[in-house]
Amino acid sequence: MKDIKTILFALDISDGAEYVFEYAAAMANAFCAQIAVIHVIHRQTDLREYYVPEMSFEETDRQIDEAAVKMTNDFCERHRKDFHDIKGFTEVGVPHEKIVEKAIEINASMIVMGTHGRQGFEHFIFGSTAEGVVKNAPCPVLTIRPQKAE
């Protein structure tokens, strides 16, 4: 089996993120691998051409970006006791593209990510980030379906 040195964990804002991270952590511990965490901000629609005087799209984007960076940093800090060299990245773009780009950039040995299992119309409309990553990743991808809250 190929040596696993760096695991890229795709962090989303779902309740199941910690559950999915347990798999990334277990793999990292088993292989003495580093963990990198990526969170991608996906701006699906650019409404800047529509003027709405009560709100600033630039300010809204800035606040979203700051919150995403803080969330990623907070996540990494919570796990720093187990992985002292954990690294966090926050990117803006299409999630599956940015995850694959980061995997290539850091020479990831494996990607671990959650999948929400969308089907039918919901899958048609929203697509599947996991599917896009699996199809384009330069390394193996472990997808985990988060458990539903009990």
Three-way shape call for the stretch 57-122 based on the alpha-carbon gyration tensor, with the a/c threshold at 1.5: oblate
Surrounding charge for Phe9, neighbours by C-beta under 12 angstrom, Lys/Arg +1, Asp/Glu -1, total -1
What does the highest-first list of 138-147, 15-24 look like by mean Cβ count within 10 Å? 15-24, 138-147
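Read-outs: derived from the displayed coordinates by stated rules, not from any lab. The structure displayed is predicted, hence computed values, not measured ones. Don't worry about glycine lacking a Cβ; one is built from the backbone with ideal geometry, like all the others, and counts go over all protein chains shown.
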